[in-house]
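Engineer: Please see the structure below; I have some questions.
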Amino acid sequence: MVRKDLQDKTDVFVIGGGPAGLAAALAARRAGFDVMVADSFEPPIDKPCGEGLMPDGVTALRELGVVLPAEGAHPFTGIRFCSGDATVAARFPKGVGYGVRRTALHELMAAAAERAGVALNWRTVVAGVTNAGVTVGKNLVRARWIVGADGGASRLRKWAGLDEHRKHERRFAFRRHYRIAPWTEFMELHWGPDCQLYITPVGSEEVCVALISRDPKLRLDAALPHFPEVLERLRDAEHTSSEQGALSVTRKLARVCTERIALIGDASGGVDAITGEGLCLAFKQAALLAESFKAGDLSIYERGHRAMARRPAFMAGALLLLEHRQALRRRVMAAFMDDPRIFARLLKMHVGVETPAGFAANGLTLGWKLLSV
């Protein structure tokens with residue numbers, strides 16, 4: 001796919017052709033709008049991440065018209081937490097998650113967008129925005145709506161005056177793939193000293209291993225000895241990708257919209273990667289954004305965007321409480337192992353089957369367990 005000849009006008013212009021931008025484009029096309037996408041790169045676009053889609057993310061992607069193929073995606077049935085000798089696992093209350101290489105996901109979404117009639121302009125740099133539309137080189141593309149899907153360092157966010165932060169924290173992530181058959185049906189989260197390790201099956205003979213910490217210098221080879229079980233499994237496994245890094249940013253913006261401009265995905269804020277909810281959030285935001293376009297009112301998106309972020313933000317905050325508090329983490333893991341139903345309910349909340357309020361209303365069980373262990 002290469003750059004198309006730029007048209008001089010469109011209903012929706014999306015800046016950024018990653019998964020969030022393509023999701024916005026697909027949702028807008030399904031709502032009947034003409035859509036253009038511009039990105040300075042070309043497919044497949046990669047980004048270091050854990051590469052796991054939770055069941056609600058798989059559903060949200062399917063509703064955009066993208067179905068993960070049997071080949072190229074690997075199912076996992078739930079989540080497993082590991083901390084020292086303590087382990088606890090639970091299956092998803094409905095559906096399955098999928099591990100899929102980021103490049104494969106991007107190719108699928110780009111192909112779906114092209115089939116849907118989105119005008120895809122790769123290797124195309126957006127120079128700025130005006131009251132009339134978007135400037136691309138010396139050309140002006142008139143657009144009714146402009147969508148910023150240009151990532152955590154979004155230029156559109158700055159151009160639109162939406163860069164006011166209410167919260168801004170960051171951690172550092174590094175990812176590598178290994179040629180080895182997945183050894184469990186779960187996605188695994190391993191807790192270490194001041195870092196976490198995520199293991200996602202992405203194929204019948206491949207896993208993705210992602211490290212997240214607050215130390216920008218910590219790399220996988222230095223961290224793996226803190227996880228002896230994982231180190232032993234991976235000791236002789238061939239690397240199928242080089243180690244790549246990215247920022248995991250927790251960002252809450254004061255606003256994500258003006259009258260004509262809307263931010264989506266990482267450009268619009270984000271929750272820590274510990275939740276694994278980044279892509280799912282972007283897909284759901286895309287559907288809401290298309291509804292707002294149809295209504296001609298981006299304030300609908302502003303309100304809905306804020307509401308969508310609450311559950312992932314709650315989950316991220318709860319999990320990160322355990323990051324440095326090893327004594328608390330031991331107690332929580334002991335409570336989970338003593339009564340696995342608590343962990344199962346936590347997972348229900350994580351995938352949106354139960355609300356944080358509903359979980360908290362029954363939180364006395366966990367509180368009593370923590371006092372008892």
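Engineer: Restricting attention to region 41-69, which residues are of a type outside the set (Phe, Trp, Tyr), out of contact with any helix residue (DSSP H, G or I) (no Cβ under 6 Å at 6 or more places or on another chain) and more than 25 Å from Leu347 (Cα to Cα)?
Structural biologist: Glu42, Pro69
Engineer: Across region 14-62, which residue is surrounded by the most Cβ atoms within 10 Å (Cβ to Cβ) among those that are among the charged types (D, E, K, R) and more than 12 Å from Ala112 (Cβ to Cβ)?
Structural biologist: The selected residue is Glu51.
Engineer: Checking the conditions here, which among Val147, Val88 is more than 21 Å from Val271 (Cα to Cα), touching a helix residue (DSSP H, G or I) at 6+ places or on another chain (Cβ under 9 Å) and assigned to a strand (DSSP E or B)?
Structural biologist: Every option except Val88 fails the conditions.
Engineer: Could I ask something else about it? Using the structure shown, decide if Phe293 is in the same structural domain as Arg157 (by TED's automatic domain parsing), more than 16 Å from the chain's Cα centre (by Cα) and among the aromatic types (Phe, Trp, Tyr).
Structural biologist: So Phe293 passes the test.
Engineer: Something else about it: Taking the options Ala262, Ala173, Ala223, name whichever one is surrounded by 18 or more Cβ atoms within 10 Å (Cβ to Cβ), part of a strand (DSSP E or B) and out of contact with any Pro (no Cβ under 7 Å at 6 or more places or on another chain).
Structural biologist: On inspection, the qualifying residue turns out to be Ala262.
Engineer: Okay, next question. Take the conditions without any contact (Cβ under 8 Å) to a residue 24 or more places away in the chain, small (Gly, Ala, Ser) and over 17 Å from Asp163 (Cβ atoms) and apply them to Ala286. Does it pass?
Structural biologist: Considered against the rule, which asks whether it is without any contact (Cβ under 8 Å) to a residue 24 or more places away in the chain, small (Gly, Ala, Ser) and over 17 Å from Asp163 (Cβ atoms), Ala286 comes out as no.
Engineer: Here is a further query. Working carefully through the options Thr135, Thr200, find the one that is assigned to a strand (DSSP E or B), without any contact (Cβ under 8 Å) to a residue 40 or more places away in the chain and among the polar types (S, T, N, Q).
Structural biologist: Thr135
Engineer: Looking for something in contact with a Gly (Cβ under 7 Å, 6 or more places away or on another chain), in the same structural domain as Gly276 (by TED's automatic domain parsing) and modelled with pLDDT of 95 or more - is there at least one such residue anywhere in region 39-53?
Structural biologist: Yes, because at least one residue in region 39-53 is in contact with a Gly (Cβ under 7 Å, 6 or more places away or on another chain), in the same structural domain as Gly276 (by TED's automatic domain parsing) and modelled with pLDDT of 95 or more.
Engineer: Output the qualifying pairs, or none if there are none: Cβ atoms under 6 angstrom, residues six or more apart or on different chains, first residue in region 76-103 and under 12 Å from Leu53 (Cα atoms) and modelled with pLDDT of 95 or more, second residue of a type in the set (Ser, Thr, Tyr) and not in a loop (DSSP other than H, G, I, E, B).
Structural biologist: Gly99/Thr200
Engineer: Which one of these is assigned by TED's automatic domain parsing to the domain that holds Arg155, of a type in the set (D, E, K, R) and assigned to a helix (DSSP H, G or I): Arg62, Arg29?
Structural biologist: Residue meeting the stated conditions: Arg29.
Engineer: In region 179-202, how many are crowded, with 21+ Cβ neighbours inside 10 Å and within 14 Å of Arg101 (Cα to Cα)?
Structural biologist: So the answer is 4.
Engineer: Also: Could you count how many residues in region 288-342 are among the hydrophobic types (A, V, I, L, M, F, W, C), at pLDDT 90 or above, surrounded by 15 or more Cβ atoms within 10 Å (Cβ to Cβ) and closer than 24 Å to Gly57 by Cα?
Structural biologist: Going through region 288-342 one residue at a time, the tally reaches 7.
Engineer: Now, a different point. Report yes if Gly21 is closer than 19 Å to Arg123 by Cα, at pLDDT 95 or above and in a loop (DSSP other than H, G, I, E, B), otherwise no.
Structural biologist: No, not satisfied.
The values are calculated or read from the model by the stated rules, or taken from the named source; none is laboratory data. No experiment lies behind these values; they were computed from the predicted model shown. Positions of Cβ are generated from backbone atoms using ideal geometry, with glycine treated the same way; all protein chains shown enter the neighbour counts.
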